[in-house]
Amino acid sequence: MAKRWQIVVVVAAGMLLTACAGKGTKPEETGEVAPPVEQRALPGEGATATGTGLGAGAEGQTLDGGQVQQEVHPLDQPDSLLSKRIIYFDFDSAQVKEEYRPVVEAHARYLAGHPNAHVVLEGHADERGTREYNMALGERRANAVKKLMVLMGADPNQIDVVSYGEERPAVLGHDESAWSKNRRVEIVYKRR
Amino acid sequence: MKPRPMPRVLIALLFLCTLAVPVQAALTIEITRGVEAAMPIAVVPFAWEGSGAPPLDVAAVVEADLERSGQFAPLPREDMLSRPSPGKPVQFRDWRLLGIPHLVIGRVVPVGVDRYVVEFQLFDVFRAKALRGLRYTVPAARLRSVAHRISDQVYEALTGIRGAFDTRIVYVVRKTGPDGKSRYTLELADADAANARPILRSREPILSPAWSPDARRLAYVSFERKRPEIFIQEIATGKRERIASFEGLNGAPVFSPDGKRLALVLSKDGNAEIYVMDLATRKLTRITRHWAIDTEPAWAPDGASLAFVSERGGSPQVYRYYFADGRIERLTFDGKQNLRPHFSPDGRLLTCINLDEQGRYRVAVLELETGIMRVLTDTKLDESPSFAPNGSMIIYATEIRGKGVLAAVSVDGRVRQTFQVEGEGDVREPSWSPFLD
């Protein structure tokens with residue numbers, strides 16, 4: 001779900017940029033190559049985009065001199081670590097790998113800075129092994145992420161944990177490429 | 001002796017059309033491996049003493065049961081030289097000529113509105129002697145069950161082991177709905193996969209169904225409220241009760257042999273631990289205390305101990321807890337992991353899922369006295385093994401050609417069957433019922 005939303009935002013931003021920058025830029029390329037894009041949307045008012053290369057500090061500036069509008073929610077910024085909502089794990093392991101620590105930390109900081117925000121950490125396992133063991137493994141993975149978030153400043157009351165074991169694979173399939181995508185914890189925001 | 005063609009497909013639902021029973025997920029059973037020297041037997045079509053067509057071909061059900069066990073090779077009907085029925089002398093010579101050592105004959109007599117007398121006899125052909133004979137009076141809807149009881153009698157008379165044909169299985173089916181999302185049903189079927197019917201439908205996962213010892217209730221885990229909760233459901237009425245909905249895991253329910261307690265897994269105190277709930281008072285007793293995962297409890301048939309899975313030794317292995325002194329001992333040492341234990345009805349064997357160095361999860365049997373473990377299957381993603389109530393077969397879930405299917409293997413590994421659901425859908429989490437009486 002989070003991923004789909006992210007793609008929508010990227011594509012929308014890309015299309016707007018294309019419109020602003022003129023011809024010759026494919027939306028997909030824009031979405032990937034021009035990182036600090038901010039999409040702004042006001043309910044009912046459509047959207048506009050700020051210029052490239054300006055980053056977060058560029059709020060209030062526009063490319064075409066149009067009106068400054070409400071900023072994109074930090075959780076929806078495609079280039080931000082906060083847009084990453086899935087932590088992957090090794091086989092039969094609940095250890096958060098080094099490469100995912102920055103993502104966990106970004107969410108922990110966000111939670112610390114937004115006391116009303118609330119997340120559910122959904123723990124999942126691949127299909128190998130038995131279902132109830134995988135339920136426990138999924139919970140252990142989600143708890144490992146929770147523990148880390150709390151160490152990094154989030155309040156434990158902001159975080160719920162639920163394990164789906166192997167019942168909700170992200171990818172169907174019976175090989176390592178599917179399994180590696182199914183051993184995961186998904187960070188789901190219930191309140192921002 | 002006739003060679004057995006393998007694999008040999010049996011359409012177990014062939015006769016269902018004569019019964020007004022709704023069929024949900026039709027299963028077929030395929031014998032993928034049988035005993036080399038299966039015992040020849042002849043099951044003569046039962047004489048029908050009514051008008052029109054008989055409500056059920058009872059002999060065909062008996063024949064299919066015996067064949068499915070892998071231990072019997074029924075004689076094809078077209079090879080029979082005579083078709084004896086009770087009340088007339090049997091020409092044993094006809095059967096000796098064909099090398100058939102045992103013969104089953106019978107008849108079905110209508111005796112009133114929707115009442116039938118079914119009678120059978122089992123003969124030792126070479127000694128020209130009746131071994132067993134019984135008579136049942138039932139309505140048409142019970143004829144199938146009577147056929148399975150006849151199979152049970154024949155099986156017991158010839159193998160010395162109580163038959164488990166007149167029993168049931170429960171399992172979970174996952175299908176993809178028109179919206180692309182999963183639909184789950186908890187289904188109940190006869191042990192030959194006939195009469196399949198859903199007893200619970202959900203858009204969220206269902207797992208770990210477990211029978212009460214009187215076969216009247218099922219405990220299971222349902223995610224219907226987006227988190228795991230344990231329910232107990234009465235099969236006959238559909239009445240159910242939420243029995244555990246603590247914070248965190250609520251899983252792996254199993255009834256004690258006396259039906260008064262439920263072993264289960266909760267993580268309310270931090271991580272997955274085994275508890276026992278007194279069903280009358282709902283009082284919980286905590287069994288394990290360890291930072292490692294403890295899960296998948298299984299009662300020993302005498303109720304004095306529980307087997308369970310723990311990764312306290314570094315990898316998940318099977319341990320045993322004794323209620324008398326709280327002692328815990330490790331039971332499995334072979335392989336990288338051993339999961340989901342289940343005791344044989346006599347308590348001498350334990351089946352579990354064994355992970356080997358090649359990454360295969362396969363059904364294994366551990367002989368508790370010697371500690372010798374044998375792997376019984378050659379699939380790769382086996383799960384949820386459970387013994388038939390007579391201890392002869394183990395039913396389990398596996399994956400064949402990308403689909404979740406049920407399969408069964410004899411305890412000696414010589415007989416194998418697969419149950420395949422028709423069309424799209426994954427079948428999983430089987431559990432074999434206790435004896436029904």
Ignoring chymotrypsin sites (Phe, Trp or Tyr not before Pro) buried by more than 14 other Cβ within 10 Å or outside DSSP loops, the longest site-free run in chain B is B:127-290
One point scatterer per Cα, no solvent, Debye formula: log10 I(q)/I(0) for the stretch B:122-182 at q = 0.14, 0.16, 0.20, 0.28 Å⁻¹ comes out as -0.58, -0.67, -0.85, -1.15
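Heavy-atom accessible area per residue, chain B, 1.4 Å probe: how many Å²?
Normalised by residue count, the accessible surface of chain B is 41 Å².
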Of every hundred units of 1.4 Å-probe accessible area on chain B, the number belonging to carbon and sulfur atoms, as a percent, is 50
One computes Rg over Rh for the stretch B:34-159 from alpha-carbon atoms, with the Kirkwood Rh, and obtains 0.95
One finds, for residue B:302 and residue A:73 with R0 = 60 angstrom and r their Cβ-Cβ distance, a FRET efficiency to the nearest 0.05 of 0.50
Once all protein chains are kept in place, residue A:83 shows an accessible area at probe 1.4 Å, nearest 10 Å², of 10
FRET efficiency for residue B:225 and residue B:412 from the Cβ-Cβ distance with R0 = 51 Å, rounded to 0.05, comes out at 0.70
Quick calc: nm separation of the 7 Å Cα→Cβ label points for residue B:53 and residue B:176 -> 3.7
If the chain between residue B:183 and residue B:403 were fully extended at 0.36 nm per residue, the gain over the current Cα-Cα distance would be 77.6 nm
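Give the calculated FRET efficiency between residue B:111 and residue B:214 to the nearest 0.05, with a Förster radius of 25 Å applied to their Cβ-Cβ distance.
0.20
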In degrees, nearest 10, the alpha-carbon axis of helix B:143-159 is tilted away from the dominant principal axis of the alpha carbons of chain B by 90
Expressed in angstrom and rounded, the centroid-to-centroid distance over alpha carbons for the stretch A:121-192 and the stretch B:283-301 is 22
Here the residues of the stretch B:147-177 lying in the modelled label zone of residue B:134, meaning backbone nitrogen under 13 Å from a point 7 Å along Cα-to-Cβ, are B:147-158, B:162-167
For chain B, the longest principal axis of the Cα atoms and the Cα long axis of helix B:58-68 enclose an angle in degrees, to the nearest 10, of 50
Cα-Cα longer than 18 Å, checked against B:88/B:129; B:336/B:380; A:97/A:181; A:190/B:175; A:146/A:181; B:380/B:403, kept in input order, equals A:190/B:175; A:146/A:181
For the stretch B:340-437, averaging the sequence separation of alpha carbon pairs under 8 Å that lie six or more residues apart and dividing by its residue count, the contact order in percent is 21
Across B:215-228, the residue-averaged tally of Cβ atoms belonging to other chains within 10 Å stands at 2
Accessible-area loss of at least 20 Å² (1.4 Å probe, chain alone to full protein assembly) applies in the stretch A:124-163 to A:127, A:128, A:129, A:130, A:131, A:132, A:133, A:135, A:136, A:139, A:140, A:162
Once Lys and Arg are counted +1 and Asp and Glu -1 for all other residues with Cβ under 10 Å from that of residue B:140, the total becomes +2
Computed curve, chain B, Cα-only Debye sum without solvent term, log₁₀ I(q)/I(0) at 0.09, 0.10, 0.12 Å⁻¹, is -0.60, -0.73, -1.01
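The values are calculated or read from the model by the stated rules, or taken from the named source; none is laboratory data. Just so we're clear, the structure is a prediction, and the values are computed from it rather than from any experiment. Cβ sites come from the backbone with ideal geometry, for glycine too, and all protein chains shown count toward neighbours. The accessibility values were calculated without ligands, DNA or RNA, using every heavy atom of the protein model including side chains. Shrake-Rupley method; radii C 1.70, N 1.55, O 1.52, S 1.80 Å.
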